[in-house]
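Scroll down for the structure; my scribbles are underneath it.
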Amino acid sequence: MKTRTRARACTGKVRHPDRATALVARARLIAGGATRLTVYRCKHCAAWHVGHYGPR
Ligand SMILES: [Zn+2]
């Protein structure tokens, strides 16, 4: 289904066209000291985002 709903889930997130690109971005963030990062396909915009996982 396609809607025009503005998804807060991905507002302000970087959109990557594919998984490989997202993984490169994730590796860069990890190199900068970030942890608990994962990449996932966004169900709202169909792009790939880098997100967080694990306990907050
Ligand atoms: Zn998104």
**Request:** Mind listing the long-range amide H neighbours of TRP48? Cut-off is under 5 Å, sequence gap 5 or more, other chains count too, H placed in the peptide plane at 1.01 Å from N.
**Result:** HIS16, ASP18, CYS42
**Prompt:** What length, rounded to one decimal in nm, is gained on full extension from LEU23 through to CYS45, with 0.36 nm per residue of separation minus their alpha-carbon distance?
**Reply:** 6.2 nm
**Prompt:** Taking 0.36 nm per residue of separation and subtracting the Cα-Cα distance, what length does fully extending LYS13 through THR35 add?
**Reply:** 6.2 nm
**Complete:** On the accessible surface of the chain, probed at 1.4 Å with all protein chains in place, carbon and sulfur together account for a percent value of 52
**Message:** One quarter of the convex hull surface, Cα atoms only: what value does that give for the range 12-52 in nm²?
**Reply:** 2.7
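The values are calculated or read from the model by the stated rules, or taken from the named source; none is laboratory data. Keep in mind it's a predicted model, so treat the numbers as computed, not measured. For the accessible areas, the whole protein counts, side chains as well, though only heavy atoms, and no ligand, DNA or RNA atoms are used. Shrake-Rupley method; radii C 1.70, N 1.55, O 1.52, S 1.80 Å.
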